[in-house]
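Structure record follows, encoded as structure tokens.
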Amino acid sequence: MALSDRFHGIVILGAPGSGKGTQAKLISESVDLPHISSGELLRANIANQTPLGIMAKGLIDSGNLVPDDVAVPIVRDRLMQDDCKRGFILDGFPRTIPQADALNSVLHVLGMCITLVPYLRVSERMLMQRLMHRLTCRVCGTTYSLVSLSPGDICEKPDCGGVLFRRSDDDPDTQRKRIAIYEEQTAPLISYYAERHILKRVSGEHTVDYIFRKLLEAMRSSRTCDQI
Ligand code: AMP
């Protein structure tokens, strides 16, 4: 059966800078599934100056998490849209155990499940290096390295045209804080999903292509909702 012929409920786990967004985009393009990034959804609210965006901006800029009761409804509403019927790739959500429990309840109501949780392992040294050099496209969220491009350059994706910028939470002090919060609040999700037999550990220190191939392999052998 082709990968695109079956349901995939994917949650990509990993620290900030581990390459979750890059891999989520690649899977989304190759299997035609929606890439749902909670960070992107929040940044869109900030850009549109919605009440939620105004509330979230200070927390995001200082490297803190937004409260679960803000993050959960945003993702729940997105999962209820029609394009998620064949599956989804969640990037940056859940980030806490209560969010993971809430996600299970939402998926249960929607008749969906999580079929695979790839966990991208990257050393703290490499995370710091990557975030220090990261540029992000304001339109499509694609990330680039400051080594080859500069803020204000234009995204290289065909038909995008977005301007590249440095995220305000990518400065070294905020990075350290985000990684510490990840260790404390998000890393416990590794055993949470391992206990449910859906975790797949992948080294995030290989090339983008190699990791992508590993993820496709894992998707081929992942279980269906009936088997979980
Ligand atoms: P990201 O783009 O995933 O790195 O997220 C950027 C920032 O948005 C995070 O540092 C948090 O402040 C906030 N954020 C994104 N997703 C969540 C979430 N699931 N729970 C709480 N805060 C989040």
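Computed extension length for Asp77-Tyr210: 44.6 nm, one decimal, from 0.36 nm per residue of separation with the Cα-Cα distance subtracted.
So what are the range 184-228's ellipsoid semi-axes, whole angstrom, largest first, if each one is the square root of 5 times an eigenvalue of the alpha-carbon gyration tensor?
Semi-axis lengths for the range 184-228 are 20, 18, 6 Å.
I want the local charge near Leu13. Using Cβ-Cβ distances under 13 Å, sum +1 for each Lys or Arg and -1 for each Asp or Glu among the other residues.
Details: positive: Lys20, Arg95, Arg121, Arg196, Lys200, Arg201; negative: Asp91, Glu183.
Net charge around Leu13: +4.
The 1.4 Å probe gives accessible areas that order Met126, Met112, largest first, as Met126, Met112. Between the C-alpha center of the range 12-29 and that of the range 116-189 there is a gap of 10 Å. Consider all pairwise Cα distances in the range 147-210 and report the whole-number % of them above 17 Å. Pairs farther apart than 17 Å: 69 percent. When the chain is treated as a GNM with alpha-carbon contacts under 10 Å, the residue of Ile97, Ile36, Ile12 showing the greatest mean-square fluctuation is Ile97. Amide H contacts under 5 Å for Arg201: Tyr119, restricted to partners 5 or more places along the chain or on a different chain, H placed in the peptide plane at 1.01 Å from N.
Within the range 74-102, name every residue whose backbone N is under 15 Å away from a label modeled 7 Å from Cα of Asp32 along the Cβ vector. The answer is 83-88. Under a 5 Å amide H cut-off, with hydrogens placed 1.01 Å from N, Thr142 pairs with Cys137 among residues at least 5 apart or on other chains. Each label point was placed 7 Å from the Cα along the Cα-to-Cβ direction; for Ser62 and His197 their separation is 4.4 nm. Amide H contacts under 5 Å for Ala15: Val122, restricted to partners 5 or more places along the chain or on a different chain, H placed in the peptide plane at 1.01 Å from N.
Would you mind classifying the chain by shape? Square roots of the alpha carbon gyration tensor eigenvalues, ordered a ≥ b ≥ c; an a/c under 1.5 is rounded, otherwise it is prolate if a/b is larger than b/c and oblate if not. Kindly include the intermediate steps, with their values, before the conclusion.
On the way: a/c = 1.41, a/b = 1.28, b/c = 1.10.
It comes out rounded by the Cα gyration axes.
Per-residue Karplus couplings for the range 91-97, computed as 6.51 cos²θ - 1.76 cosθ + 1.60 with θ equal to phi - 60°, are listed in order as 10, x, 9, x, 10, 9, 4 Hz, Gly and Pro entered as x. Dividing the radius of gyration of the alpha carbons in the range 50-135 by their Kirkwood radius gives 1.01 for Rg/Rh.
Evaluating 6.51 cos²θ - 1.76 cosθ + 1.60 at θ = phi - 60° for every residue in the range 79-90, the Karplus couplings come out as 5, 7, 6, 4, 5, 8, 4, 8, x, 6, 10, 8 Hz, glycine and proline recorded as x. Give the residues of the range 68-88 whose amide nitrogen is closer than 14 Å to a point set 7 Å from the Cα of Leu110 in the direction of its Cβ. Correct set: 72-88. Residues in the range 142-151 carry Karplus couplings, in order, of 4, 9, 9, 9, 4, 5, 9, 9, 10, x Hz; the curve used is 6.51 cos²θ - 1.76 cosθ + 1.60 with θ = phi - 60°, and Gly or Pro positions show x. Spin-label point model (7 Å from Cα, Cβ direction): what's the Ser150 to Arg176 distance in nm? Result: 2.9 nm between the two label points.
The values are calculated or read from the model by the stated rules, or taken from the named source; none is laboratory data. Just so it is clear, the model here is predicted, and its values are computed rather than measured. As a convention, Cβ positions derive from the backbone with ideal geometry for all residues, glycine included, and neighbour counts pool all protein chains shown. These accessible areas exclude ligands, DNA and RNA; they are computed on the full protein's heavy atoms, side chains included. Shrake-Rupley method; radii C 1.70, N 1.55, O 1.52, S 1.80 Å.
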